[in-house]
Amino acid sequence: MSFEPEAVRTFEHAGWQGAADRYQSSFAHATAPFVARLLDGAKIRRGARVLDVACGPGQAAAMAARRGAMAQGLDFSAAMVRVARAAHPEIIVTEGDAENLSYPDGSFDAVVSNFGMHHVPRPERALAECRRVLVADGRVAFTVWAAPSENLAWSLVFDAIRRHGDLRAANAPAPGGSFNQPEDCLRALEAAGFADCRADVVRADWLLPDARALIAALSAGTVRMAALIAAQKPSSLAAVVADIDSHAERYRRGDRLAIPIAAILAHGLRRA
């Protein structure tokens, strides 16, 4: 499958427009545990000017503001911008393009993106734009999902679909690049001109009652995974849910599953 940037943009934009109103009550529970570590990676300090790129409902910008930073958010989905503004009226949230940021050079002390970079058609352009809007010695930090081999929630779903459904059923365009290994993130940061780059796997647990809740959250609050789930035949999907329930039982804690999830936290410095 060939890479077509505008096809990726159209696919992602349509997906996030549709997911915006349901994201906070669904998939945000998976991304939220990583926000504090993202801000730590960017060394957010009181008074710092911070931009949250692909901000979604504004989780990272809001936490940066609680730390005393002057935070703003940017997202290409008008629906997500509306959700973020309603949830955090004290924060400026702008509709815009991560590959063409509408800010002057040197506008921010830090730029962060919580699970946004892998949705951008050309992440290398977005990172170059992040560098441009940073001051000298400013920092960028982003999180992306680790590979399914590290990320049990994803592994459970993909393995179940492999056994009972069709992993090729979704008609989704090829993404802008593979970002699910630390070395992928390091290469991208270095190619964009960042120094002192680092990328580490960080872990959390996603608390869910059962497999049906996992599938529902992925369907409501993601784009590529939602497309894959929606493309399965109803009979296959029922078998997928039963399969996940069976294999996830080892992660049960009382009345909830604590499914291990893993992300890559990558960060770098803009030298003068």
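The values are calculated or read from the model by the stated rules, or taken from the named source; none is laboratory data. None of the values given here were measured: they were computed from a predicted structure. Reconstructed Cβ throughout: ideal geometry from the backbone, glycine too, with neighbour counts over all protein chains shown.
Checking the condition buried (at least 19 other Cβ atoms within 10 Å of the Cβ), in a helix (DSSP H, G or I) and either over 16 Å from the mean Cα position of the chain (by Cα) or modelled with pLDDT of 95 or more (or both), which residue from T10, T31 passes? If you could, list the steps in order and put the result at the bottom.
Numbers: T10 fails: buried (at least 19 other Cβ atoms within 10 Å of the Cβ).
The match here is T31.
Can you confirm whether the range 42-60 contains a residue that is within 21 Å of L269 (Cβ to Cβ), without any contact (Cβ under 8 Å) to a residue 24 or more places away in the chain and either assigned to a helix (DSSP H, G or I) or charged (D, E, K, R) (or both)?
yes
Quick one: how many residues across the range 252-272 are aliphatic (A, V, I, L, M), more than 20 Å from F27 (Cα to Cα) and surrounded by fewer than 23 Cβ atoms within 10 Å (Cβ to Cβ)? Reasoning before the result, please.
From the range 252-272, those aliphatic (A, V, I, L, M) are 257-259, 261-266, 269, 272; that's our starting set.
Still in the running and more than 20 Å from F27 (Cα to Cα): 266, 269, 272.
Add one more test, that the residue is surrounded by fewer than 23 Cβ atoms within 10 Å (Cβ to Cβ), and what stays is 269, 272.
Here the count works out to 2.
Any residue in the range 80-108 that is closer than 19 Å to A128 by Cα sitting within a Cβ distance under 6 Å of a residue that is of a type in the set (A, V, I, L, M) and assigned to a loop (DSSP other than H, G, I, E, B)? List the pairs, counting only those 6 or more apart or interchain.
Here the result reads A98/A54; A98/V120; L101/V133; Y103/V133; S107/V133; F108/V133, each pair linking the range 80-108 to a residue that is of a type in the set (A, V, I, L, M) and assigned to a loop (DSSP other than H, G, I, E, B).
Would you check if P123 is touching a Phe, Trp or Tyr at 6+ places or on another chain (Cβ under 7 Å), over 25 Å from I259 (Cβ atoms) and crowded, with 16+ Cβ neighbours inside 10 Å?
Details: touching a Phe, Trp or Tyr at 6+ places or on another chain (Cβ under 7 Å): yes; over 25 Å from I259 (Cβ atoms): yes; crowded, with 16+ Cβ neighbours inside 10 Å: yes.
Criteria met by P123.
Can you tell me which residue in the range 131-141 is surrounded by the fewest Cβ atoms within 10 Å (Cβ to Cβ), limited to those that are touching an Asp or Glu at 6+ places or on another chain (Cβ under 7 Å) and aliphatic (A, V, I, L, M)? Give the steps one after another, and end with the answer.
Our first condition is that a residue be touching an Asp or Glu at 6+ places or on another chain (Cβ under 7 Å); within the range 131-141, this holds for 132-133, 135, 138.
Those left that are additionally aliphatic (A, V, I, L, M): 133, 135.
Numbers: V133: 21, V135: 16.
Checking each candidate, the answer is V135.
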